[in-house]
Amino acid sequence: MAEVSRGVRLGVDVGQVRVGVARSDPHGILATPLVTLARDLTAAPETVPADMAELVRLAAEHEAVEIVVGLPVNLAGKHGPAAANVSAYADRLADVMGTIPVTLTDERMSTVVASRRLAERGVRGKRQRAVVDQAAAVEILQSWLDAQRRRTQ
């Protein structure tokens, strides 16, 4: 079996209002929260939205080899309007990322799991809303990293 290539991956949780970002270590073992970006919904079609420009900057800063975007598949495994929105975002992100691949991964329940874990740690209300997107990005990226490791064992 082929081993997962070394390098930092960025995990991205795309929401209607915010984009949560996490990063992995270069060995692909652990995902950690990085930042929450405001979605730029006002950018003209011919310009790069500010959140995507910041993702490009973060990818360069962290020398990311791949971007992993959570695809919100519903519990029945179907792609609804949210999945279509995220797919369009990922396609546009792939265009602006250039040579860095953008991968979609099933992220069923990542925000629910992230919210529950934060609540278990006593993070609630406004404090939770401020970090839940990053926590969801961590869940997305960690699940993807774990799946890659299982495939190569």
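The values are calculated or read from the model by the stated rules, or taken from the named source; none is laboratory data. What you see is a predicted model; the values in this text were computed from it and never measured. Surface accessibility is based on the protein's heavy atoms, side chains included, excluding ligands, DNA and RNA. Shrake-Rupley method; radii C 1.70, N 1.55, O 1.52, S 1.80 Å.
List of remarks:
- Taking every C-alpha pair closer than 8 Å and separated by at least 6 residues, the mean separation divided by the residue count of the stretch 8-152 gives a relative contact order of 32 percent.
- With all protein chains modelled, accessible area of H79 [1.4 Å, Å²]: 120
- When each full DSSP H helix of the chain is screened for a Cα extent of at least 30 Å along its own axis and an average Kyte-Doolittle hydropathy of at least -1.0, the helices passing are 125-152.
- When the surface is traced with a 1.4 Å probe over the full set of protein chains, R6 keeps roughly 150 Å² accessible.
- Cα gyration tensor shape for the chain, rounded if a/c is under 1.5, else prolate or oblate: rounded
- Helical contribution to [θ] at 222 nm, DSSP H n ≥ 4, -39,500 (n - 2.57), averaged over the chain, rounded to 500: -15000 deg cm²/dmol
- In this structure, the amide hydrogen of E107, modeled 1.01 Å from its nitrogen in the peptide plane, lies closer than 5 angstrom to those of L71, V73, counting only residues at least 5 positions away or on a different chain.
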